[in-house]
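Here is the structure we will look at, set down as structure tokens.
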Amino acid sequence: MNTQALTQQWDQLRQKYGVYLRLLETIPESSYHTHVVPGIRTPAEMVVHVSGTIIRDIARGVAQGRIESDESTDGATAAALGSKAALLAFARTCWDQADAAVATIGDAQLNAMVPTPWNMTIPGWVGFSLSNDEFLHHRGQLSVFARLCGAQPPFIWGFAENAPEFRPAR
């Protein structure tokens, strides 16, 4: 992968993230801190994991040459954020931080070996493959959570309905 390919892949993820933000808006406030499915993260914990670890931390880590993330704090972070509004603000801030990091990444960082907190070292470009795979997986979980909470999730490829900054470029 080179920076041109990363730019294209990141643009696709930007649009998917817009759908994700709309999905988060559908989940009722009262359901964010409940175990909608026993044994799986709460929707609030999922927001912290997806937005923090999968999007922000991987992008920053590739840019810095070391992915640093502590998933064991997801529950505490979600509890501290508390409200749906705070969780949505966190998700937006994480995107902005990741997007700023991606803007600094060049071919050297994409091809460098990057240590991770998951007991493996990967080429930087692999971090973005992992990020995309994990993001889609968890977005699917959140869609199920939304349905279980009585909400209708947005169409997963409905990019044109995103907020302007997450719509397809023309």
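The values are calculated or read from the model by the stated rules, or taken from the named source; none is laboratory data. Everything quoted here is computed from the prediction, not taken from an experiment. Note: ideal-geometry Cβ built from the backbone for every residue, glycine included; neighbour counts use all protein chains shown.
Numbers at a glance
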{"quantity": "Listing of helices (runs of 4 or more DSSP H) fully contained in region 1-67 that carry 2 or more residues being in contact with a Lys or Arg (Cβ under 6 Å, 6 or more places away or on another chain) and either of a type in the set (Gly, Ala, Ser) or within 24 Å of Pro168 (Cβ to Cβ) (or both)", "calculated": "none"}
{"quantity": "Residue satisfying all of: in region 14-33; out of contact with any Cys (no Cβ under 7 Å at 6 or more places or on another chain) and among the hydrophobic types (A, V, I, L, M, F, W, C); nearest to Asp133 (Cα to Cα) among these", "calculated": "Val19"}
{"quantity": "Matching entry among Ala103, Ala108, Ala85 (being at pLDDT 95 or above, farther than 25 Å from Gln4 by Cα, out of contact with any Ser or Thr (no Cβ under 9 Å at 6 or more places or on another chain) and loosely packed, with under 13 Cβ neighbours inside 10 Å)", "calculated": "Ala85"}
{"quantity": "Restricting region 149-170 to residues that are surrounded by 14 or more Cβ atoms within 10 Å (Cβ to Cβ) and assigned to a helix (DSSP H, G or I), the residue that is nearest to the chain's Cα centre (by Cα)", "calculated": "Phe166"}
{"quantity": "Evaluation of Thr104 against (1) in a helix (DSSP H, G or I); (2) within 22 Å of Gln15 (Cα to Cα) (one fails), failing number", "calculated": "(1)"}
{"quantity": "Exclusive hit being farther than 15 Å from Gln15 by Cβ and of a type in the set (A, V, I, L, M, F, W, C), set Ala151, Ala169, Ala160", "calculated": "Ala151"}
{"quantity": "Residue check for Asn132: assigned to a helix (DSSP H, G or I) and either among the polar types (S, T, N, Q) or surrounded by fewer than 15 Cβ atoms within 10 Å (Cβ to Cβ) (or both)", "calculated": "yes"}
